1. Filter the stretch 61-94 down to the residues that are on the phi > 0 side of the Ramachandran plot and in contact with an Asp or Glu (Cβ under 9 Å, 6 or more places away or on another chain) and list them by number.
2. Working only within the stretch 176-206, note down all residues that are at positive phi and either at pLDDT 95 or above or β-branched (Val, Ile, Thr) (or both).
3. Here are ALA157, ALA125, ALA173, ALA113: which of them is modelled with pLDDT of 95 or more, under 20 Å from THR65 (Cβ atoms), part of a loop (DSSP other than H, G, I, E, B) and not basic (Lys, Arg)?
4. Among the residues of the stretch 90-106, how many are in contact (Cβ under 8 Å) with a residue 12 or more places away in the chain, part of a helix (DSSP H, G or I) and farther than 19 Å from VAL184 by Cβ?
5. Evaluate the stretch 62-74: report whether one residue or more is of a type in the set (A, V, I, L, M, F, W, C) and modelled with pLDDT under 95.
6. Among ILE73, ILE81, which is the only one that is over 12 Å from the mean Cα position of the chain (by Cα), over 19 Å from PRO38 (Cβ atoms) and β-branched (Val, Ile, Thr)?
7. Among residues belonging to the stretch 73-89 that are in a loop (DSSP other than H, G, I, E, B) and touching a Ser or Thr at 6+ places or on another chain (Cβ under 7 Å), point out the one that is surrounded by the most Cβ atoms within 10 Å (Cβ to Cβ).
Amino acid sequence: SIGGPFPVTSHRCHHKQKHCPPVLPGEGLPATPLLFHPHTKGSQILMDLSHKAVKRQASFCNAITFSNRPVLIYEQVRLKITKKQCCWSGALRLGFTSKDPSRIHPDSLPKYACPDLVSQSGFWAKALPEEFANEGNIIAFWVDKKGRVFYRINDSASMLFFNGVRTADPLWALVDVYGLTRGVQLLGECPPSGPLGMGTALGAFM
């Protein structure tokens, strides 16, 4: 059986959730689709050819990933949890970095976003509560101009995730496919109305 011990995450990865008003729309539209960075990723990460889906090969860590471009203020990073693995402790870690992933050597990435990366300047992340880390759930997260990070699960109300992100510099999304979370898929921007467009092209990969 798979067992611990598991790393103890720092207080920066755990905050009480607060319900907040819906996020305001961002200014402008992204120039290119948001994908995973093709090269800067943890040693256990497998990525599909579209750079939209990743999964962890083994273990419960060494699965840090980044976006391929900076995100806009208020731009929602939307992820579908495609694979959940039992018997681990903890789940997906989400956040942002002001460090260009193209300038980060993959071998220098630590095992964990929390507490390893968040203890370094220019990295902000937090653990998604385990009860939200179910297969099929869609998680959207974004940062506002005040450096507050919000998230939403499926069609639920948005909640404050954490704050303190420095927004003066470009920010890349940070996703750590940790613990219970084995695989995730990046989705496009949420359509203005109607059901969420999920797509099936990546089904075989997952």
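1. TYR74, GLY90
2. GLY179
3. Numbers: ALA157 fails: under 20 Å from THR65 (Cβ atoms); ALA125 fails: part of a loop (DSSP other than H, G, I, E, B); ALA173 fails: part of a loop (DSSP other than H, G, I, E, B).
The unique qualifying residue is ALA113.
4. Number satisfying all stated conditions: 1.
5. no
6. On the way: ILE81 fails: over 12 Å from the mean Cα position of the chain (by Cα).
Checking each option against the conditions leaves just ILE73.
7. ILE73
The values are calculated or read from the model by the stated rules, or taken from the named source; none is laboratory data. Note that the structure is a prediction, hence the values are computed from the model and not measured. Counting neighbours? That spans all protein chains shown, and the Cβs are built from the backbone with ideal geometry, glycine included.
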